[in-house]
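What follows is calculated from the coordinates using simple rules that are stated; it is not laboratory data. Everything quoted here is computed from the prediction, not taken from an experiment. Using ideal geometry, Cβ is built from the backbone for each residue, glycine included, and neighbour counts are taken over all protein chains shown.
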Amino acid sequence: MNFTPNFENVKATKPKGQKFDSVTKYMADGDDLVVFHPEQSIEEAMMLLLGKNMSGGPVLDDHGILVGMLSERDCMRIILETPYHNYPPAKGKVSEYMSREVVTVSSENDIFDVANLFMNTHYRRFPVLDQGRVIGQVSIKDVMRAISDIKSTTW
């Protein structure tokens with residue numbers, strides 16, 4: 001028997017008076033972040049994801065504005081459309097494959113807020129914005145690392 005818990009609309013409540021660290025403490029910041037450009041070759045972007053062992057990253061325009069996200073899932077479409085069907089390799093641009101609907105978190109969110117968001121969406125990463133600009137990215141793995149840092153006295 002296969003059991004999959006239903007996490008739909010899970011909303012944990014924060015312990016009263018408990019302060020949690022900001023998401024910015026655990027995110028991959030702008031200096032370490034892999035970002036893409038809409039006009040970048042999709043092949044180059046895929047190789048960058050593989051080379052950096054990343055599962056995705058934000059797509060920024062010439063002005064540094066977030067216009068999408070490119071994920072491994074988006075790249076899987078290329079694999080299904082090209083070599084699998086014996087088509088020539090993809091020559092498209094990131095803008096043709098990226099996800100345009102992006103859920104973001106604010107630098108003001110704490111790690112507990114982000115954990116709740118992960119539990120209620122299918123996303124594996126969120127860009128972190130400060131005054132509308134991407135300053136980093138937080139992943140499920142980052143949240144797990146943060147939770148492991150919480151002392152047992154806070155439970």
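If you consider only alpha-carbon coordinates, what radius of gyration and Dmax does the stretch 94-155 have, in Å?
Computed over the Cα atoms of the stretch 94-155, radius of gyration and Dmax are 13.3, 49 Å.
³J(HN,Hα) across the stretch 31-37 via Karplus (A = 6.51, B = -1.76, C = 1.60, θ = phi - 60°), whole Hz, x for Gly/Pro?
5, 9, 7, 8, 10, 10, 10
Amide H to amide H, which residues 5 or more places from Arg124 or on other chains are under 5 Å from it, using H placed in the peptide plane?
Sorted by chain and number, the residues that satisfy this come to none at all.
Sort all Cα-Cα distances of the stretch 23-147 into consecutive 10 angstrom bins from zero, then give the percent of pairs in each bin up to the one containing the longest distance.
Pairs per bin, as whole percents: 13, 44, 31, 11, 2.
Treating only the Cβ of Lys, Arg, Asp and Glu as charged (+1, +1, -1, -1), what charge dipole size does the stretch 23-147 show about its Cα centre? Round to the nearest 20 debye.
Dipole magnitude for the stretch 23-147 comes out near 380 debye.
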